[in-house]
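K.L.:
The structure under discussion is supplied below as structure tokens; questions concerning it will follow.
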Amino acid sequence: AEPPPRAVAAAAAGGGSTRPRLGAGKLSAGPCRRIVACLDVRANDAGDLVVTKGDQYDCREKGGGEVRNLGKPVALARRYYEEGADEVTFLNITGFRECPLTDLPMLKVLAEASRTCFVPLCVGGGIKDLVDAQGTRSSALQVADAYFRAGADKVSLGSDAAE
């Protein structure tokens, strides 16, 4: 399917939404650009959640070393917020391995970030229908609801949630 003409025109003009925005004390109908900080979050070998950066899906230092640690998720989210990010996204890159409903560290990250970062918080990764180790079934909507209750403003769903 072709994108709507307005979206094509916006993309051709340099991107972004065409909804009104504030600029120089007045409303403007120009493109509305946003800076979204995306933080890849996973547990390091000690079990602490860290922001990491992968190289072709490899998040470990060269030679199979420790998980690359760029910092703590809440501290980095706060830094991006203070430096002007319009939104912060936490991508739980190992969320597909475990039950997100029992992922208390990630739920805690969202709760803490929501108290110090006053921009929309988005979370993604591992959000799908699942059965935990005790045999309890949870829908993707229940998983998303747990993230919302923890402080997320948005939940990003992948193809697993649509099946």
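K.L.:
Evaluate E = 1/(1 + (r/R0)^6) for K154 and D132, where r is the Cβ-Cβ distance and R0 equals 25 Å; express this FRET efficiency to the nearest 0.05.
P.N.:
0.55
K.L.:
Right, another one. Once ligands and nucleic acids are excluded and a 1.4 Å probe is used, how much of K108 is accessible, expressed in Å² to the nearest 10?
P.N.:
Rounded to the nearest 10, that gives 120 Å².
K.L.:
Apply the Karplus curve 6.51 cos²θ - 1.76 cosθ + 1.60, θ = phi - 60°, to the phi angles in the stretch 106-121 and return the couplings in whole Hz, x for Gly and Pro.
P.N.:
5, 4, 5, 4, 4, 4, 5, 5, 5, 8, 10, 10, 9, 10, x, 10
The values are calculated or read from the model by the stated rules, or taken from the named source; none is laboratory data. Note that this is a predicted model, so its numbers are computed, not measured. Positions of Cβ are generated from backbone atoms using ideal geometry, with glycine treated the same way; all protein chains shown enter the neighbour counts. Ligands, DNA and RNA are excluded from the accessible area calculation, which covers all protein heavy atoms including side chains. Shrake-Rupley method; radii C 1.70, N 1.55, O 1.52, S 1.80 Å.
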